[in-house]
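Novice: I'd like to ask some things about the structure below.
Coordinate-derived values only; no laboratory data. If you're wondering where the values come from, they're calculated on a predicted model, not measured in any experiment. Reconstructed Cβ throughout: ideal geometry from the backbone, glycine too, with neighbour counts over all protein chains shown.
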Amino acid sequence: MYLYRMKKKLIFYSIFFVGLVGMFYFLLSFTKGYFDVKLPVMSYVQNFSFTDQNGKEVTQENFEGKVYVTNYFFTTCKGICPKMNGNMVGVYDMFKNDKNFAILSHTSMPETDSVPLLKAYQEKMVGSEQTNNAKWYFVTGDKDSLYKMARQSYLLDNEKNNNINIAEAFIHTQFFSLVDKYGRVRGIYDGLKPDEIAKMEKDIKTLMKEKES
């Protein structure tokens, strides 16, 4: 009798334990992603219109439904720009076959960076033809418009420069801004640091899968 009662208790506890484990995994799958840390919405990208390396107009419509990275550079830069855009090439290569990804690089010196110079710079970075889905736009335009986007949309200009007249200002930053499919800035990254680039690449993948909330 004693052995019989012990056997019943053992069976009961085994069933209870299995049921408890099953409930745990059920709740875990049900709440998957609920406690994930979301990338913050830092800013909203304003409307813009620039000219790319092919002489074509580029607006926010080119980026609808796409996750994109944006930065500022100038073609004659011998300092941070070569390394920064060299790291950007790695990002481009990682996502170049994804039609929902793009890169938008603005010149900091529109007075000198003409369309032909931007085209030559593109060829230096990724070759003469962009035959894949991803696009890397090198754009120029009105300095006032370019710099306002850096300050007010992408948050890439130093806050200390906000009181400096744009005509007298000069943007020279190694930071990248990450924008989601809905035109919202979701992260700022140091384009010279490998760990920051790796984090941005991870965040790009996260935003690719994210649904609007």
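Novice: Return the sequence-ordered ³J(HN,Hα) values of segment 89-103 in whole Hz as given by the Karplus equation 6.51 cos²θ - 1.76 cosθ + 1.60 applied to θ = phi - 60°, using x for Gly and Pro.
Specialist: Ordered by residue, 3J(HN,Hα) equals 4, x, 5, 4, 4, 5, 10, 5, 8, 9, 5, 9, 10, 8, 10 Hz.
Novice: As I understand it, the dipole of segment 43-209 uses +1 on the Cβ of Lys and Arg and -1 on the Cβ of Asp and Glu, about the Cα centre. Which of LEU117, ILE171, SER105 lies farthest toward its positive end?
Specialist: Checked the options; the winner is SER105.
Novice: Measuring from label point to label point, each 7 Å out along Cα→Cβ, what is the GLU64 to ILE80 span in nm?
Specialist: Simple spin-label model gives 3.4 nm for this pair.
Novice: Set the Förster radius R0 to 22 Å, insert the Cβ-Cβ distance between ASN100 and LYS148 as r into 1/(1 + (r/R0)^6), and round the FRET efficiency to 0.05. Display every interim value, and only then the final one.
Specialist: Numbers: r = 27 Å, r/R0 = 1.22.
After rounding to 0.05, the efficiency reads 0.25.
Novice: Using θ = phi - 60° and the Karplus form 6.51 cos²θ - 1.76 cosθ + 1.60, what ³J(HN,Hα) does each residue of segment 104-110 get, whole Hz, x for Gly and Pro?
Specialist: 10, 10, 9, 6, 8, 10, x
Novice: Further, regarding this structure: Suppose the chain between MET42 and ALA198 were pulled fully straight at 0.36 nm per residue; how much longer would it get relative to their current alpha carbon spacing? Numbers along the way, then the final one.
Specialist: On the way: separation 156, 0.36 × 156 = 56.16 nm, distance 2.00 nm.
Computed gain between MET42 and ALA198 is 54.2 nm.
Novice: Please rank HIS172, HIS106, fewest neighbouring Cβ atoms within 10 Å first, as an exposure proxy. The partial results should precede the final answer.
Specialist: Values: HIS172 15, HIS106 26.
In order of increasing Cβ crowding within 10 Å: HIS172, HIS106.
Novice: Right, next: Arranged by the count of other C-beta atoms within 10 angstrom, fewest first, what order do THR173, THR140, THR59 take? Present the calculation step by step, with values, prior to reporting the outcome.
Specialist: On the way: THR173 20, THR140 23, THR59 11.
Ascending Cβ contact count within 10 Å gives the list THR59, THR173, THR140.
Novice: Once amide H atoms are built 1.01 Å from N in the peptide plane, which residues 5 or more positions from VAL58, or in another chain, come under 5 Å H to H?
Specialist: PHE50, THR51, ASP52
Novice: Taking amide H atoms as placed 1.01 Å from N in the peptide plane, list the residues 5 or more away in sequence, or in a different chain, whose amide H sits under 5 Å from that of PHE175.
Specialist: For PHE175, whose amide H was placed from the backbone, the distant partners under 5 Å are GLY191.
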